[in-house]
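J.: Below: one structure in C-alpha cells.
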Amino acid sequence: MNRLKYIGGTLCRMLTLLAAVSVLSFALVALSPIDPLTAYIGTNSTLSQEAKDAIAEHWGLNDPPAKRFLAWAGNFLKGDWGTSIAFKKPVKTVIGERFSYSVALMLIAWIFSGTLGFLAGVFAAVKKGSLWDKIIKTFCLALQSAPTFWVGLLVLSLFAVRLGWFPIGLAAPMGKLAQDVTLGERIYHLILPSLTLGVLGISKITLYARQKLIEILSSDFILFAKARGENISQLVWRHGMRNIALPAVTVQFAAFSELFGGIALAESVFSYPGIGSALTAAGLSGDVPLLLGIAVFSAIFVFAGNLMANILYGLLDPRIKEGRANG
C-alpha cells in the first residue's frame, strides 16, 4: 500500500508539472515579439496576401491563444505532438532525431563532471588550506560565474582554431553521408562540446563534496578514529566517502536540469545538431509546436532524473527505505 501511494503521488506530481510547464511555455511563446508567419516566410517574401492568409490558416496562427492551446493539448493527449514549422516534420520525429545526438553529449558531460568534480572535492578537502586547495576553489568559483557560450567559444578557439586538434563543429565531417560516418569520427566531434558542458558542471559538485568532507573530518568521531591510529587515507575511505556519497548523488542528479538548460548554448556554439540547437531554431522562428514539445520532453527528462536519484537514495542508504515504510 505504501509503495502504491508513493507511485501514485509521483505520477500526480509529474502530471501537475507537465501541465504547468505546458501552460507557462505557451504563455511565454504567445507573448514573444516574434511573428511566426514572418519567421516562416521571411521578411522579404513576395507571397500574396491570400497565400499568407492560407499559411496562417493552415498553422492556426489566426486563432485566439486559448483556442490554439486547447487544440494543441487535445492533440497532445491523443499522441499527436503537432508538426514543426521550422523543420517541416512531426515534432516527435525532430525530438527523436535530435535527442539521439544530445543524449550522448549529456551523458558524457554528466559522468565527466560528476566523477572529476567529486574526486577534486575530496582532494581539496584533504589538502585544506594548501595551494592546491586554493587553486581548485578559485577555478570552481570562476566557472560558477562563466557563461556557457563564453566557455564554449574559449574552448573552440583554443583547441580547434589555434591548436587544430579538433574539428570546429558539427557532429560529423562535412560532405560525408550519415551511413559512412564511423563511430570514431562521431566521438571525435563530440569531445569539445562534451568537454565544455562537463567542465561547467564540475564546480558545484566539487565545492559541495569539499565542504561536506571538511565537516566530516572535523567531527568528533573522526577525532576518535585518529586516536585509534587511523591515517588520513583510512579516515577518508572508511568514514568520509560513505557519508558524502549520498549528498553527492543528490547534487549530481539535481544538475540534470542545469545540464539540459546549458546544452542549447553549447550546441549552438559548436553547431552540434542536438535538441538544444533545435530549441534555438524553434525559438527564433516562433515554432510553437516544437517549443512546447521540447518543453514537455525536457520536463519529463528532468523529472526522470530526479526519480532515479530517489531510487538510488534507497540503494545507497537503506535507512531511507525504512523511513518510507514507517511513514
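Here's the yes/no breakdown for (1) closer than 16 Å to residue 85 by Cβ; (2) assigned to a helix (DSSP H, G or I); (3) not small (Gly, Ala, Ser):
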{"site": "6", "(1), (2), (3)": "no, yes, yes"}
{"site": "26", "(1), (2), (3)": "yes, yes, yes"}
{"site": "37", "(1), (2), (3)": "yes, yes, yes"}
{"site": "55", "(1), (2), (3)": "yes, yes, yes"}
{"site": "61", "(1), (2), (3)": "yes, no, yes"}
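J.: Another question, then. For segment 141-189, give me each residue that is aromatic (Phe, Trp, Tyr) and in a loop (DSSP other than H, G, I, E, B).
T.: Result: 165, 166.
J.: Tell me, please, whether a residue that is at negative phi, without any contact (Cβ under 8 Å) to a residue 40 or more places away in the chain, part of a helix (DSSP H, G or I) and in contact with a Leu (Cβ under 6 Å, 6 or more places away or on another chain) can be found in segment 76-95.
T.: Scanning segment 76-95 turns up no residue that is at negative phi, without any contact (Cβ under 8 Å) to a residue 40 or more places away in the chain, part of a helix (DSSP H, G or I) and in contact with a Leu (Cβ under 6 Å, 6 or more places away or on another chain).
J.: Kindly indicate whether any position in segment 220-238 is on the phi < 0 side of the Ramachandran plot, modelled with pLDDT of 80 or more and of a type in the set (A, V, I, L, M, F, W, C).
T.: Scanning segment 220-238, I find no residue that is on the phi < 0 side of the Ramachandran plot, modelled with pLDDT of 80 or more and of a type in the set (A, V, I, L, M, F, W, C), so the answer is no.
J.: Got at least one residue in segment 12-23 being within 23 Å of residue 284 (Cα to Cα) and either among the aromatic types (Phe, Trp, Tyr) or assigned to a loop (DSSP other than H, G, I, E, B) (or both)?
T.: No.
J.: What residue, among those in segment 190-221 that are farther than 24 Å from residue 137 by Cα and free of Cβ contacts under 8 Å to residues at least 60 places away in the same chain, is surrounded by the most Cβ atoms within 10 Å (Cβ to Cβ)?
T.: Once the filter is applied, the top-ranked residue is 191.
J.: Take the residues in segment 75-102 that are modelled with pLDDT of 85 or more and among the hydrophobic types (A, V, I, L, M, F, W, C); name whichever of them is surrounded by the fewest Cβ atoms within 10 Å (Cβ to Cβ).
T.: 77
J.: Then there is this: Which numbered condition in (1) in the same structural domain as residue 241 (by TED's automatic domain parsing); (2) in contact with a Gly (Cβ under 8 Å, 6 or more places away or on another chain); (3) modelled with pLDDT of 85 or more is the only one that residue 72 fails?
T.: Tallying (1) in the same structural domain as residue 241 (by TED's automatic domain parsing); (2) in contact with a Gly (Cβ under 8 Å, 6 or more places away or on another chain); (3) modelled with pLDDT of 85 or more, residue 72 fails exactly one: (1).
J.: Which number in (1) of a type outside the set (Phe, Trp, Tyr); (2) at pLDDT 80 or above; (3) closer than 18 Å to residue 29 by Cβ marks the one condition that residue 266 misses?
T.: Of everything listed in (1) of a type outside the set (Phe, Trp, Tyr); (2) at pLDDT 80 or above; (3) closer than 18 Å to residue 29 by Cβ, residue 266 misses just condition (3).
J.: Just to be sure before I move on: is residue 177 aliphatic (A, V, I, L, M) and in contact (Cβ under 8 Å) with a residue 12 or more places away in the chain in the structure I sent? Give the derivation first.
T.: Numbers: aliphatic (A, V, I, L, M): yes; in contact (Cβ under 8 Å) with a residue 12 or more places away in the chain: no.
Here the answer is no, as residue 177 does not meet what is asked.
J.: If only one of 141, 158, 116, 107 is without any contact (Cβ under 8 Å) to a residue 40 or more places away in the chain, more than 29 Å from residue 290 (Cβ to Cβ) and assigned by TED's automatic domain parsing to the domain that holds residue 282, which one is it?
T.: Going through 141, 158, 116, 107 in turn, the sole match is 158.
J.: Could you tell me which residue of segment 223-260 is nearest to the chain's Cα centre (by Cα), considering only residues that are in a helix (DSSP H, G or I) and basic (Lys, Arg)?
T.: The selected residue is 242.
J.: Now for a separate question. Looking at segment 261-275 only, could you name the residues that are in a helix (DSSP H, G or I) and of a type in the set (S, T, N, Q)?
T.: Passing the criteria: only 268.
J.: A further question follows. Tell me whether segment 153-164 contains one or more residues that are surrounded by 15 or more Cβ atoms within 10 Å (Cβ to Cβ), of a type in the set (Gly, Ala, Ser), within 23 Å of the chain's Cα centre (by Cα) and within 30 Å of residue 184 (Cβ to Cβ).
T.: no
The values are calculated or read from the model by the stated rules, or taken from the named source; none is laboratory data. Note that the coordinates shown come from a computational prediction; the quantities given were computed from them, not determined experimentally. Neighbour counts are summed over all protein chains in view; Cβ atoms, including those assigned to glycine, are modelled from backbone coordinates with ideal geometry.
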